[in-house]
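The structure appears right after this line, and notes come after that.
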Amino acid sequence: MNFSEIISTEFSALSSLYFNSAYFGPSPQRSRKKLDLVLKKEFDPSFYPYENWIHKAEELRGLLAQLLDCSADCIAHGSSSSDNISLLSHFLPLNADDEVIIFEGEYPSNVLPWLVAAENRKIKVTQLPPAQSDLQWFKDHLPSKAKVVNLSHIAFDSGRKMNLKEIGSYLKQRGIYFVVDCTQSLGAMPIQKDELEFIDFLTCSTYKWLLGPYGHSFFYITEELQKMIPRMSGNWIVSKGVENVNELTHYHLETLPGARKYDRGQGPNMVNLSMLAGSLELLLELGLEKIWQHNQKLTEFFKENYNSNQYELLTPVDNHGSILSLKTENPFELSEKLKNHNIDVSIRESKIRLSFHLFNNLSQVEKLLSVL
């Protein structure tokens with residue numbers, strides 16, 4: 001089957017014109033099939049091999065590593081990006097004069113963990129104006145004592161896209177840790193290998209553009225940071241020797257290799273991870289680069305044809321992801337109008353937010369434009 005045929009099959013359950021993946025991504029049909037299998041065991045776990053479910057986290061770790069083209073040893077399972085960044089904010093070694101840089105207008109997951117840590121640890125957190133995507137802005141605004149920069153790859157409200165390679169390279173030269181939230185990008189577009197090499201800590205909630213169920217996230221952490229951030233949980237399922245059920249009470253403090261020591265408790269959540277596996281397999285089959293080209297085609301078509309006299313496009317025209325943001329006099333009234341035409345969008349920060357993903361097509365965008 002070609003791209004459009006696969007999409008038609010996998011997303012046949014969608015009942016609306018869904019331009020809302022930045023809020024919640026729909027799971028494909030292959031995830032339903034995997035869910036049906038795991039639910040059979042949920043209702044009847046008779047003779048359920050221990051090995052089958054304990055390896056579930058490792059299966060997903062491998063798929064996520066494929067998406068980023070990195071080692072599975074650098075991937076850890078979490079519950080949310082807030083929790084992931086909280087691990088870093090509370091346990092990253094920082095000197096008294098080191099500054100953690102956050103930005104106005106960022107999603108709370110990238111701000112609140114540092115503000116809480118500032119209260120608990122008395123570290124210095126500096127909030128700058130909304131970050132601009134050009135490197136010169138960072139050169140002009142970053143304090144001399146900056147040690148951590150935390151920002152989103154794609155802004156959740158405007159869709160503004162950051163140049164990870166250019167900014168990351170500059171931060172690396174200055175010895176600044178680069179913390180990136182790719183929740184609003186990965187799945188709609190790839191994170192390139194020459195971008196990832198400048199990122200020290202990358203977090204992603206998987207229920208949006210990665211099309212997984214709610215309640216799962218993951219993070220990528222470099223080997224350097226792994227040496228600096230201790231294991232903070234007594235989660236037994238990441239202990240060395242966990243596969244041997246006859247030695248569970250030997251209480252190993254040594255963990256499985258790499259970032260596995262940071263896995264959330266009950267990491268092999270069979271229902272969530274089985275559904276996510278279906279989504280990731282689909283994204284890997286289609287290819288993130290092809291999905292990104294598809295999404296770009298849709299956003300470009302919209303930009304070329306929307307009524308610029310009636311709506312103000314707040315998204316940077318030449319520097320955005322798969323999100324476009326419109327300013328209108330009454331966003332709630334417009335959202336209700338779109339809903340009445342079976343078009344699903346979000347309102348964020350008093351703006352209409354449109355998300356274009358792989359299951360959308362040009363005819364749907366034409367319908368959206370006609371209603372607008």
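For segment 103-210, what does the accessible surface come to per residue with a 1.4 Å probe? Please give it in Å².
That works out to 37 Å² per residue.
How large is the dipole of the chain about the Cα centre if only Lys and Arg carry +1 and Asp and Glu carry -1, each at its Cβ, rounded to the nearest 20 debye?
I would put it at about 320 debye.
Give me the dipole magnitude in Debye, nearest 20, for segment 297-367 about the Cα centre, with unit charges on the beta carbon: positive for Lys and Arg, negative for Asp and Glu.
140
Just to confirm a number: summing +1 for Lys and Arg and -1 for Asp and Glu over residues other than GLY287 whose beta-carbon lies under 14 angstrom from that of GLY287, what do you get?
Local net charge: -3.
Carbon and sulfur: what percent of the chain's accessible surface (1.4 Å probe)?
Of the solvent-accessible surface of the chain, carbon and sulfur hold 49 percent.
Quick check: residue separation of ILE237 and GLU119 times 0.36 nm, minus the Cα distance between them. What number comes out in nm?
Value of the extension gain: 39.3 nm.
Count the DSSP beta bridges whose two residues both fall in the chain, then state the antiparallel fraction as a percent rounded to the nearest 5.
If we restrict to bridges inside the chain, about 50 percent are antiparallel.
Strictly over 31 Å apart at the Cα level, which of LYS122/LYS172; LYS165/LYS240; LYS165/LYS303; LYS124/LYS165; LYS208/LYS337; LYS165/LYS339 would you flag in this model?
LYS165/LYS240; LYS165/LYS339
Mind jotting down the three principal axis lengths of segment 228-372 based on Cα atoms? Whole angstrom, largest first.
70, 32, 32
Just to confirm a number: summing +1 for Lys and Arg and -1 for Asp and Glu over residues other than LEU256 whose beta-carbon lies under 13 angstrom from that of LEU256, what do you get?
Value of the local net charge: 0.
Once fully extended, how much extra length lies between ILE347 and GLN29, figured as 0.36 nm per residue of separation less the alpha-carbon to alpha-carbon distance?
Using 0.36 nm per residue and subtracting the Cα-Cα distance, I get 111.7 nm.
At 7 Å along the Cα-to-beta-carbon direction for both THR249 and GLU304, put a label point, then send me their distance in nm to one decimal.
Simple spin-label model gives 7.1 nm for this pair.
Straight distance only, please: which aspartates and glutamates reach the Cα of LYS145 with their own Cα at less than 17 Å, same-chain residues fewer than 8 apart left out?
Straight-distance partners of LYS145: ASP97, ASP98, GLU99.
Restricting things to alpha carbons, tell me how big segment 297-372 is in terms of Rg and Dmax, in Å.
Computed over the Cα atoms of segment 297-372, radius of gyration and Dmax are 11.4, 31 Å.
Among GLU197, GLU304, GLU58, which one moves the most in a GNM of the chain with springs linking Cα atoms closer than 10 Å?
Its mean-square fluctuation being the largest, the pick is GLU304.
Take each uninterrupted DSSP H stretch in the chain, measure its Cα extent along the helix axis, and return the ones at 18 Å or beyond whose mean Kyte-Doolittle hydropathy is at least -1.0.
Those that clear 18 Å and a mean of -1.0 are 56-68, 270-286.
For segment 82-170, what class follows from the C-alpha gyration tensor (a ≥ b ≥ c being the square roots of its eigenvalues): rounded when a/c is under 1.5, otherwise prolate if a/b is larger than b/c, else oblate?
The shape class here is oblate.
Using the Cα gyration tensor of segment 16-148, with a ≥ b ≥ c the square roots of its eigenvalues, what is the shape: rounded (a/c below 1.5), prolate (a/b larger than b/c) or oblate (neither)?
Prolate, because a/c is 1.5 or more and a/b exceeds b/c.
Provide the net charge surrounding SER144, with neighbours chosen by a C-beta distance below 15 Å and charges set as Lys +1, Arg +1, Asp -1, Glu -1.
Result for the local shell: +1.
If packing is taken as the mean number of other Cβ atoms within 10 Å per residue, what is the order of 101-110, 275-284, 120-129, highest first?
275-284, 101-110, 120-129
Can you bin every Cα-Cα distance in the chain into 10 Å intervals starting at zero and give me the percent of pairs per bin, rounded to whole numbers?
Distribution as computed: 5, 23, 30, 25, 13, 3, 0, 0 percent.
If the elastic network links every pair of Cα atoms under 10 Å, which of HIS77, HIS341, HIS250 fluctuates the most in the Gaussian network model of the chain?
Among HIS77, HIS341, HIS250, the largest GNM mean-square fluctuation belongs to HIS250.
In a GNM of the chain with a 10 Å cut-off on Cα contacts, which of GLN173, GLN66, GLN266 has the highest mean-square fluctuation?
In this elastic network of the chain, the residue with the biggest mean-square fluctuation among GLN173, GLN66, GLN266 is GLN173.
The values are calculated or read from the model by the stated rules, or taken from the named source; none is laboratory data. Just so it is clear, the structure is predicted and the values come from calculations on it, not from any experiment. In this analysis, Cβ positions are derived from the backbone assuming ideal geometry, glycine residues included, and neighbour counts consider all displayed protein chains. To get the accessible areas, we keep the full protein, side chains included, count just its heavy atoms, and leave off ligands, DNA and RNA. Shrake-Rupley method; radii C 1.70, N 1.55, O 1.52, S 1.80 Å.
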